[in-house]
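The values are calculated or read from the model by the stated rules, or taken from the named source; none is laboratory data. Keep in mind that this is a model prediction, so the values were computed, not measured. FYI the Cβ positions are ideal-geometry reconstructions off the backbone, even for glycines, and counts take in every protein chain you see.
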Amino acid sequence: MKKIISIFMILFTVQVSLAQVKTIKGSVTDGSGAPIPGVNINVQGETASASTDFDGNFSIQVAKSKTLIFSYLGLETKNVVVGESNTINVKMTEAATNSLNEVVVTSLGITKARKTLTYSAQELKGEELTRVKDANIINTVAGKIAGVAITKSSSGSGGSTKVTIRGNSSFTNNQPLYVIDGIPLSNGGSVQPNGTFGDLAGGNRDGGDVVSLINPDDYEGMTVLKGAAASVLYGSQGANGVILLSSKKVKAGVETFNVNSVTTFDSVAYLPEFQSDYTSAVGDAKSWGAKQKVEGDIKGFFNTGTTQITSMAFSKATDGASTSFTYANTDASGVIPGNHLKKNNFGIRQASKFFNDRLNVAVTANYVSQKINNRPVNGLYFNPVSGVYSHPRAFSLSDLKTYEVFDVTKNWNAQNYPGFAAVSESNENPYWQINRQKSVDINNFFNGAVALDYKVSDWFRLTSRYSYNRSESNFQKEMYATSAASLVHPKGRYINSNTIATQNYADIIGLINTNFSEDFSFSGTIGASINNGKSAGLNLDSGIGGGLRNANIFTLGNFANNNGNVQTAYQREVQSVFAATTFGYKDVLFLDAAARNDWSSTLVNTDNPSFFYPSVGLTAIISEMTEMPEFINFGKVRATYAQVGNDIAAFITKPTYSIVAGQPINPPVGPRPGTTLKPELKSEYEIGTEWRMFNNRLGFEVSYYDSQTKNQYLQVPAESTNENGYLNYAINAGSISNKGFEVVLFADLVKSEKFNWESRINYSQNKSKVNDIPAQNVEGRIVLTDPGSNNYRYSLVEGKPFGIIEGKNIQKDAQGRLLVGDNGKLSVNADWEEVGNANPDFMLGFSNTFKFGAFTANILIDGRFGGEVLSLTEAINDFNGVSKASGDARNAGGVKINGAKADGTAVTTMDTFDYYDKTAGRNGATGEYVYDATNVNVREVSIGYTFNKTKLPFMQSASISLIARNLFFIYKDAPFDPNVALSTGEGLQGVDVFGLPSTRSIGLNLNLTF
Amino acid sequence: MTINKIKRTALCLSLLTAFSCTDNFEDINTNPEGATIEQLDQDYNSIKSLFKPAFNHLFISETTWQYQIQQSLQADGWSGYMTTPVPFGPQNNHDYVLNGGWNSYAWDDAYVNIISYLYKAEQRSKDKFDQFYAWSLILKVATMQRITDMYGPAVYSKFGKGVATYDSQKEIYTQMFKDLDFAVTELTKRNAAGEKTAFDETDLSLYEGKYANWTKYANSLRLRMAMRISKVDPALAKVEAEKAVSHSLGVFTATADGLKIKSPTDLNVIDVMSHSWVGLFMGADMESILGGYQDPRISKYWNTSKVTPGEYKGVRTGIIYPSGSTYSKFSQTGPRTKTGEITWMSTAEVYFLRAEGALRGWNMGGTAQSLYEAGIKSSFEQNGAEGATAYIADNTKLPKDYVDPLNPANNAQAISKITVAWGTDKEKNLEKIITQKWIATYPDGQEAWSEFRRTGYPKLFRISNNQSNGLISTELGVRRLAFSDSEVANNKEGIASGVAALGGLDNGATRLWWDTSAPNF
């Protein structure tokens, strides 16, 4: 570490004499000579920026031989090297797509020329995030970035999203780091489910996260840093990749008011298929009764959801100061009756310059408040979808609508479920669940940040930032008496669970940028940061056993006991120092070197709370180094190697007793006696090449990476006779390797006056392998989702790819025929078998933009290939005799099987009930319910019209578009949408248990700027 | 405070001092909602808090599914009390294809949630607060008596001593008697001195911490254990049994002496399984025996069925259950299991133990017949049932034949041919004692299953759907539980010592040390 500092010291002294700063003035015009206001002017490698005023004039302080980058949406970015002259006039022309001279926002908010990057970074412009808007900005990334897998949660609007970049590399957390304007966002979600039955505390719910709350219209773009090299400066938090969001900057001298309104209609698509020919016997919860026409279409249960997002932005900038204020309102009613979301986003951003523009102060604040009524859950408990699918068919859904009847003996309304004496936990009246087990989820998020940027000298700037994040999630559920007694006390149950997470982040960064000589350039960053995260949870739950004293009065004072009231906490502080340098040679060869050292509070009481990791990378612009054929505009190769360390879970090295209802409870986990813990280490190398040709109309980028994460922090079961009473030991073991490549291909297929067609393909494939899982304690298997008594298990298995789905299969004879027992029935093997893998082999995104005069059309096709999913929903529907398959089989006189008795007698047909009774259900032969997860989806479609600027009264621009999301599947094998998961955590992947059916959205987008 | 924070942050941010800002990491990495041992030492909570887990876990009383796999799906079924007539997939205890996952639970829960706490109690109180040490020993013996009667060899003397190796069942019984010696001596001494109890704050039983009550319980437990080894080691059994009965405070005599605890959540897990889950029903043996005797306790234990309205209808265990709901209209549990009160040991059981002791010629302070009849009366009293005198005198009513209204293939003739009234035949009288004890001990299937294994009584219906491929005999039934999966996976050395001490294969057919095939007398 000291060595690095001294190298910097030397570099500083060398530099002092080299830099000369001066004020450059000039103007920017378009092809016709008209001035362009609002052009961004950046200094390459620095954070300094300016923009043109209303007359297209600008002024900026810059050193000689620096490169000024002029950029404006829709125009070709122009680079101009500062020479002797103090005036630079620029003429900007319409952009060719993916120009050579792009700048990208990289780690810590530092802008870099794209060509110098030694690693893969892929960008999305703001337009791509808002064209077919989703309430959650991250959902719009699907299919647009190579190597990024987007999996939505099945909780409808306001749900969180699982983002996996370059495969899963950790046993415990694979979510990327989100960074807004250079500052890490604390994206802690409150809860994710991890059981196939459903959480007893109010169902399998998605507690939401922070990134799903933000306003997509506030951002002008997104950069995804995929590999370890790109993210080394963010340290452990960035080990799974980094998603950088940049706020919209205000254009100088301009006053604008923008209004955007999106309305979409969401309808349920991809429901399971149901039979309509068989009723249920009296008193039976299952539909295996007589042949009789029954309700087969349960679609009527679902509503057409509407989502209305209105956002507006005011902005104004004068010389030296700019202000913007944004507001967005989201109002969405879900497809399940009673589900409703309301969200309000407020944002304010103020930037001012002081001391002759040497000091730039930017202050931002954002506040989001979101309320969701009856957020959909999955699993068997508290889930109306389960009751809607499973209800005995002697009764129609309209019979169930009378969900309560007055009970004279109790003087209250009791749950009414026609045909049942007592409701059970997996079969309650869905309308009762909607109306008498209401839930409210509230998520509030505040973020405030101050950024100071001081130009010490021409070659040295000092930046310091401070941000405070506070997110609050509150969940309340009021469950009335006469709900299923295994879930709700006979007098009712109340849950009120609140979590407040805060993060204080501060950094100080020195930026050095200069040329040693004509040939050699140098830029460097050195800094330190501190990140302190905390959360405090207060969970009040009157419980199943204790309940409420006075029926159906939902307040803490009415709790029968204190057993379900628990406080939780989390604290972590990471302190870091880091340095990164880029050496350039003749603007064709660039060498990156970076290093970081972290000190983490979670590693206290271990051998060393400090850990160090480096990265190195090299880029060569071949097209500038050698003679290339005429048609090649650009070509580069790059290679990088990086390591990222990762600390462990909080509090593990300091086990304490928790106190529940007055009783101190042994810590459930601690280090194995006589051992210590250490940080995880991810190593990755990446090579890549980028080419552009035919006047930049065709280009591609290929990256190959190979990463390995070792010393994974993991918990393994302890022997039950251990003296501490630990359930688990915390150990370091296990490694995950990921190898894969990514191809980004783009082409301007047609480029003419009237018609343009741009096409882009994102392809990625990843192969993972899990190793070094200890044979002791876990026998080579880490179970991520415990099956309970259901036959779905999700595991990491030694020598196998990440995320094995395990299930059980029907017993077969040596020839592979189903073994029919002496009793004429099938049986299910006792042993678990691998039945699939939850992760795709490769992913493909194919987007096309067509421009025809004032019309623009866009279509995005998104495909995931390979991998499997398991449907417990189908298994349970078959078991209950409500599925179409079970009806068809009954109509056909039985299930056709390729079976045989032990003596070899062939059996070709089996009674439908006998067949499904043994093989279906949540704990049957789940291997029969595995489907190929491959699917190709028309993810986004938009057709827009932009009004002629010159003919608009009092408006600067106006456009309208027809949009559609998840329009239809071109190919799909699974009976549900495999891009939706029950959890955005690590468990419950590749399985459906009565998840909310996926929706198709069609709507209108209106955009006006005044 | 804030200023300090800013100062510290500012300091930490300056590169040169970054190395020295980690001194508060220990605080940051300590869960503010957790309690450290130093905090718990105040008011001796570090000792007092270690007993409640035993009360909540000996019979799991807070979480229904845990009790289900602790005991309900094992002994509560094999004792003939109750059954869960659900096909449950391929591994089913009632078909004698033993489910390792379920059957590990009682072991794992006992060690993790009881023994690890009592071990801390020993470390923190021995030679300092011996009343607590004595109490911890009683609870430890109560726990381990159940565990060793399920699994056989177990970790007893080697707990907390490095690798957890197993003691044989014989060694465990010897140590349990010794541990009770210490506990009884200690509490008797303190009781005699009129010392105020130190347990009152943390005693979750109805004893309110009284030393005399706990001593009586320890003596009664000793009597139970003595009877368990009466066939394998009659000499030691006699000594220990007489020691218990002749002790100055003696064993349970009044019905109120029995040990009952109250579920902290006032939840009755058996009631939840039977009614909320519609998954637990009267056993056919209960219907045959209680129904045949027209035992008034039947309406306390069970509700009448919906399948034969107005009548009690049990389900045979280990037959083919076509679906989870086939038997859902049979008799569910009754008022006895409505409240959150759990009986650990009843006075009735103690009378029956003494009756058997007397039958064996031990000095039990009464005749076998008088003690037998006192046991019945005590059980009637405990259950609020009337008509004990007439019941005791009944020499005609016999257990009745079983009829399955849904499937005649399951019909069975009553196997037990005894009446309630005391007779002259020694073996038959033993059968009467154990049968009556079986009725009285309901719903503790674990104790009933142990006594069934020891004596063969009461005579229970055999299962008809034995899927064990000959591993477990239909005639003898399951004799033990296999060792915990957790131990097999994570304590290989321990398991090896356990299998050696078992002296047989680690499966459900191997007989325990006290479970000899010798005749009862």
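For the range B:176-218, residues that are exposed (fewer than 15 other Cβ atoms within 10 Å of the Cβ) and under 18 Å from residue B:253 (Cβ atoms) total 1. Only residues that are buried (at least 18 other Cβ atoms within 10 Å of the Cβ) and not in a loop (DSSP other than H, G, I, E, B) were counted across the range B:237-254, and they come to 5. The number of residues in the range A:765-783 that are buried (at least 22 other Cβ atoms within 10 Å of the Cβ) and in contact with a Lys or Arg (Cβ under 8 Å, 6 or more places away or on another chain) comes to 3. When residue A:494 is tested against (1) within 9 Å of another protein chain (Cβ to nearest Cβ); (2) touching a residue at least 60 places away in the same chain (Cβ under 8 Å); (3) surrounded by 20 or more Cβ atoms within 10 Å (Cβ to Cβ); (4) of a type outside the set (A, V, I, L, M), only condition (1) is not met.
Tell me, yes or no, whether the range B:259-280 has at least one residue that is more than 14 Å from chain A (Cβ to nearest Cβ), of a type in the set (Gly, Ala, Ser) and surrounded by 17 or more Cβ atoms within 10 Å (Cβ to Cβ). For the range B:259-280, residues more than 14 Å from chain A (Cβ to nearest Cβ), of a type in the set (Gly, Ala, Ser) and surrounded by 17 or more Cβ atoms within 10 Å (Cβ to Cβ): absent.
Scanning the range B:319-369 for residues that are assigned to a loop (DSSP other than H, G, I, E, B) and among the hydrophobic types (A, V, I, L, M, F, W, C) gives B:319, B:320, B:330, B:362, B:364.
Conditions (1) of a type outside the set (D, E, K, R); (2) farther than 28 Å from residue A:677 by Cβ; (3) assigned to a strand (DSSP E or B); (4) touching a strand residue (DSSP E or B) at 6+ places or on another chain (Cβ under 6 Å), marked per residue:
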| position | (1), (2), (3), (4) |
| --- | --- |
| A:582 | yes, yes, yes, yes |
| A:592 | no, yes, yes, yes |
| A:595 | yes, no, yes, yes |
| A:598 | no, no, yes, yes |
| A:605 | yes, no, no, no |
| A:608 | yes, no, no, no |
| A:611 | yes, no, yes, yes |
| A:615 | yes, no, yes, yes |
| A:620 | yes, yes, yes, yes |
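Please determine whether any residue of the range A:687-695 is over 33 Å from the mean Cα position of the chain (by Cα), surrounded by fewer than 21 Cβ atoms within 10 Å (Cβ to Cβ) and within 14 Å of chain B (Cβ to nearest Cβ). No, the range A:687-695 has no match at all. All told, residue A:854 meets the bar of being of a type in the set (A, V, I, L, M), in the same structural domain as residue A:277 (by the TED database) and touching a residue at least 60 places away in the same chain (Cβ under 8 Å).
Any residue that is surrounded by fewer than 19 Cβ atoms within 10 Å (Cβ to Cβ), among the aromatic types (Phe, Trp, Tyr), within 11 Å of chain B (Cβ to nearest Cβ) and out of contact with any helix residue (DSSP H, G or I) (no Cβ under 9 Å at 6 or more places or on another chain) - is there at least one of those in the range A:554-571? Checked against the condition, which is being surrounded by fewer than 19 Cβ atoms within 10 Å (Cβ to Cβ), among the aromatic types (Phe, Trp, Tyr), within 11 Å of chain B (Cβ to nearest Cβ) and out of contact with any helix residue (DSSP H, G or I) (no Cβ under 9 Å at 6 or more places or on another chain), the range A:554-571 yields at least one hit. Are any of the residues in the range A:788-805 at pLDDT below 90 and within 14 Å of chain B (Cβ to nearest Cβ)? Yes, some residue in the range A:788-805 is at pLDDT below 90 and within 14 Å of chain B (Cβ to nearest Cβ).
Using the structure shown, decide if residue A:201 is more than 12 Å from the chain's Cα centre (by Cα) and outside any helix (DSSP H, G or I). For residue A:201, the condition - more than 12 Å from the chain's Cα centre (by Cα) and outside any helix (DSSP H, G or I) - is met. When A:361, A:440, A:408 are checked against the criterion of being out of contact with any His (no Cβ under 9 Å at 6 or more places or on another chain), of a type outside the set (Gly, Ala, Ser), free of Cβ contacts under 8 Å to residues at least 40 places away in the same chain and more than 30 Å from residue A:879 (Cα to Cα), a single residue qualifies: A:408.
Scanning the range B:392-412 finds no residues that are crowded, with 18+ Cβ neighbours inside 10 Å, out of contact with any Gly (no Cβ under 8 Å at 6 or more places or on another chain) and hydroxyl-bearing (Ser, Thr, Tyr). Going through (1) of a type in the set (A, V, I, L, M, F, W, C); (2) farther than 30 Å from residue A:213 by Cβ; (3) crowded, with 22+ Cβ neighbours inside 10 Å one by one, residue A:372 falls short only on (2).
Candidates are the residues of the range B:57-66 that are surrounded by fewer than 21 Cβ atoms within 10 Å (Cβ to Cβ) and not in a loop (DSSP other than H, G, I, E, B); the one that is farthest from the chain's Cα centre (by Cα) is B:65. Residue count for the range B:73-131, restricted to those that are assigned to a loop (DSSP other than H, G, I, E, B), more than 24 Å from residue B:444 (Cα to Cα) and more than 10 Å from every other protein chain (Cβ to nearest Cβ): 4.
What are the residues in the range B:393-408 that are among the aliphatic types (A, V, I, L, M) and either within 13 Å of residue B:326 (Cβ to Cβ) or in a loop (DSSP other than H, G, I, E, B) (or both), if any? If you could, list the steps in order and put the result at the bottom.
Filtering the range B:393-408 down to residues among the aliphatic types (A, V, I, L, M) leaves B:393, B:398, B:403, B:406.
The answer is B:398, B:403, B:406.
Within the set A:221, A:235, A:195, the sole residue that is part of a loop (DSSP other than H, G, I, E, B) and either more than 30 Å from residue A:594 (Cβ to Cβ) or assigned by the TED database to the domain that holds residue A:600 (or both) turns out to be A:195. Take residue A:652 and tell me if it is within 30 Å of residue B:124 (Cβ to Cβ), buried (at least 19 other Cβ atoms within 10 Å of the Cβ), among the aliphatic types (A, V, I, L, M) and at pLDDT 90 or above. Yes; evaluated as a whole, the condition is true for this residue.
Looking across the range A:185-197, just one residue is farther than 22 Å from residue A:994 by Cβ and either more than 15 Å from the chain's Cα centre (by Cα) or without any contact (Cβ under 8 Å) to a residue 40 or more places away in the chain (or both), and that is A:187.
Looking across B:424, B:516, B:474, one residue alone is away from chain A (no Cβ under 14 Å), out of contact with any helix residue (DSSP H, G or I) (no Cβ under 8 Å at 6 or more places or on another chain), free of Cβ contacts under 8 Å to residues at least 12 places away in the same chain and among the β-branched types (Val, Ile, Thr). It is B:424. Evaluated against (1) of a type in the set (S, T, N, Q); (2) buried (at least 21 other Cβ atoms within 10 Å of the Cβ); (3) part of a strand (DSSP E or B); (4) within 14 Å of chain B (Cβ to nearest Cβ), residue A:523 falls short on exactly one condition, (4). Residue pairs whose Cβ atoms lie under 6 Å apart, sitting 6 or more positions apart in sequence or on different chains, and linking a residue in the range A:704-732 that is more than 14 Å from chain B (Cβ to nearest Cβ) to a partner that is among the hydroxyl-bearing types (Ser, Thr, Tyr) and not in a loop (DSSP other than H, G, I, E, B), are A:706/A:685; A:708/A:683; A:708/A:735; A:708/A:737; A:710/A:735. The one condition from (1) surrounded by fewer than 19 Cβ atoms within 10 Å (Cβ to Cβ); (2) more than 11 Å from chain B (Cβ to nearest Cβ); (3) among the aliphatic types (A, V, I, L, M); (4) in a strand (DSSP E or B) that residue A:551 does not meet is (4).
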